[in-house]
Amino acid sequence: MARAIVYTDFDGVLNAFLEAEPKPSDLYSPERAFRLDGEATVHVGSGAAYRIRWSSELTDALHELACTGAIELQWLSTWQPYTALLNERLGWNAQIIGTVQWYDPITYTGLRDGKYRAVARRVEVEADGGDPAPIVWIDDEECTRTRCDELRASAPVAPVLMVRPDSRIGISRRQWALICAFIANPRTFGDVTLDVEPTLREHEGHTGY
């Protein structure tokens, strides 16, 4: 089986949205969450600026998998026009990190369901190949039961892992361990697996880009 393709969102996945006080006592515990030791301001578009926070332990580990060829790493995020800035801030090698063009940044065409369509198309492409690649899709809003059922109905020939983090902490340590286990041995997983962080709360979109 080919190496895994990892599609990752940024806001709520790598860029965690810290809650105002008071914080749940165990939400940010070292056992659950990566320490958010990275912080920067990213200037985009016509003077807009966003504060981002991330775990260098997590982003370095993800980048290392791409650098060693263990995965094909692709941005799948509304930050699509500005992923070069994210690569720079995170210290990622832009030569090996791809960006999926899933919506028009001028007209915003495709913004509603473009992420799902991008993943679904790749599932179809892999079904037509001789050495299908497993897929990991990480998104704190769009990795839902509905999308899981839709992907399962398409009968993927290689396993798909959908990971939905709690946006307040991003990818948890438990979820990262699951992602690594899938990358190492995807055949031990079902056709489509959905993992939702137990502390996740539904929300009305992000304050990020």
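The values are calculated or read from the model by the stated rules, or taken from the named source; none is laboratory data. In this text, all values refer to a predicted model and were calculated from it rather than measured experimentally. With ideal geometry, Cβ positions are generated from the backbone for all residues, glycine too; neighbour counts draw on all protein chains shown. Ligands, DNA and RNA are stripped out before the accessible areas are found, and what is left, the full protein with its side chains, is counted by its heavy atoms. Shrake-Rupley method; radii C 1.70, N 1.55, O 1.52, S 1.80 Å.
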* Output for the range 94-140, where each listed residue is in contact with a strand residue (DSSP E or B) (Cβ under 8 Å, 6 or more places away or on another chain) and in a loop (DSSP other than H, G, I, E, B) -> ILE96, VAL100, ALA133, PRO134, ASP139, ASP140
* Tell me, yes or no, whether the range 157-172 has at least one residue that is in a helix (DSSP H, G or I), open to solvent by less than 60 Å² (accessible area, probe 1.4 Å) and out of contact with any Phe, Trp or Tyr (no Cβ under 7 Å at 6 or more places or on another chain). => no
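Matching residues to (1) open to solvent by less than 50 Å² (accessible area, probe 1.4 Å); (2) touching an Asp or Glu at 6+ places or on another chain (Cβ under 8 Å); (3) closer than 24 Å to ARG173 by Cα; (4) assigned to a strand (DSSP E or B):
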site: ILE52; (1), (2), (3), (4): yes, yes, yes, yes
site: THR59; (1), (2), (3), (4): yes, no, yes, no
site: LEU65; (1), (2), (3), (4): yes, no, yes, no
site: GLY69; (1), (2), (3), (4): yes, no, yes, no
site: GLN74; (1), (2), (3), (4): yes, no, yes, yes
site: SER77; (1), (2), (3), (4): yes, yes, yes, no
site: ASN87; (1), (2), (3), (4): yes, no, yes, no
* Of the criteria (1) open to solvent by 20 Å² or more (accessible area, probe 1.4 Å); (2) assigned to a loop (DSSP other than H, G, I, E, B); (3) within 18 Å of TRP75 (Cβ to Cβ); (4) among the hydrophobic types (A, V, I, L, M, F, W, C), which one CYS143 fails -> (1)
* Please determine, by comparing only the residues of the range 79-128 that are of a type in the set (Gly, Ala, Ser) and touching a residue at least 24 places away in the same chain (Cβ under 8 Å), which one is nearest to ARG152 (Cα to Cα). => ALA120
* Check whether at least one residue in the range 106-121 is among the aromatic types (Phe, Trp, Tyr) and either in contact with a Lys or Arg (Cβ under 7 Å, 6 or more places away or on another chain) or surrounded by fewer than 20 Cβ atoms within 10 Å (Cβ to Cβ) (or both), and report yes or no. => yes
* Structure fact -> Checked pairs for the range 144-163, first within 21 Å of ARG112 (Cβ to Cβ), second in a helix (DSSP H, G or I) and among the acidic types (Asp, Glu), C-beta under 8 Å and 6 or more apart or across chains, list as SER154/GLU124
* Somewhere in the range 184-205, is a residue open to solvent by less than 40 Å² (accessible area, probe 1.4 Å), assigned to a loop (DSSP other than H, G, I, E, B), under 30 Å from LEU18 (Cα atoms) and in contact with a Gly (Cβ under 9 Å, 6 or more places away or on another chain)? -> no
